[in-house]
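The values are calculated or read from the model by the stated rules, or taken from the named source; none is laboratory data. None of these values were measured; they are calculated from a predicted model. When we count neighbours, we look across all protein chains shown, and the Cβ atoms used for this are built from the backbone with ideal geometry, even at glycine.
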Amino acid sequence: MPRPSRRSRTLRRIYVKTPKQTKLVYAKRKHNKAHCAKCGKVLPGVATASPYKLSKLSKTEKRPERPYAGVLCSSCTRKTIKSKIE
């Protein structure tokens, strides 16, 4: 039986084949990438990490410096700004 800290489903279970036996390895899950709120496209320039690691990054490393950064992709941002001007 795994130790109590490994029983949580927050850790991925990976079966690794070794010459003698198949071992069960526990690994942290990958964090999801940020997506655009309108079109759902993956946002470039937005960091993907755990909240703990993100808190150690500077503001400019977390997201680009422009309006709607980290929420909308550049094309959707352009469309939104143009529609607000008109």
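Out of (1) under 30 Å from residue 3 (Cα atoms); (2) touching a residue at least 12 places away in the same chain (Cβ under 8 Å); (3) not small (Gly, Ala, Ser), what's the single condition that is false for residue 23?
Every condition holds for residue 23 apart from (2).
Identify all residues within the range 41-59 that are over 14 Å from residue 30 (Cβ atoms), in a loop (DSSP other than H, G, I, E, B) and either within 10 Å of the chain's Cα centre (by Cα) or at pLDDT 90 or above (or both); write none if there are none.
Answer for the range 41-59, where residues must be over 14 Å from residue 30 (Cβ atoms), in a loop (DSSP other than H, G, I, E, B) and either within 10 Å of the chain's Cα centre (by Cα) or at pLDDT 90 or above (or both): 41, 43, 46, 57, 58.
Looking only at the range 1-19, count every residue that is of a type outside the set (Ser, Thr, Tyr), part of a loop (DSSP other than H, G, I, E, B) and modelled with pLDDT under 95 and tell me the total.
Residues meeting the conditions: 5.
Among residues belonging to the range 23-39 that are small (Gly, Ala, Ser) and under 14 Å from residue 69 (Cα atoms), point out the one that is surrounded by the most Cβ atoms within 10 Å (Cβ to Cβ).
34
Among the residues of the range 65-86 satisfying the criterion of being more than 15 Å from residue 35 (Cβ to Cβ) and not charged (D, E, K, R), which is surrounded by the fewest Cβ atoms within 10 Å (Cβ to Cβ)?
Step by step, filter the range 65-86, then rank; the result is 85.
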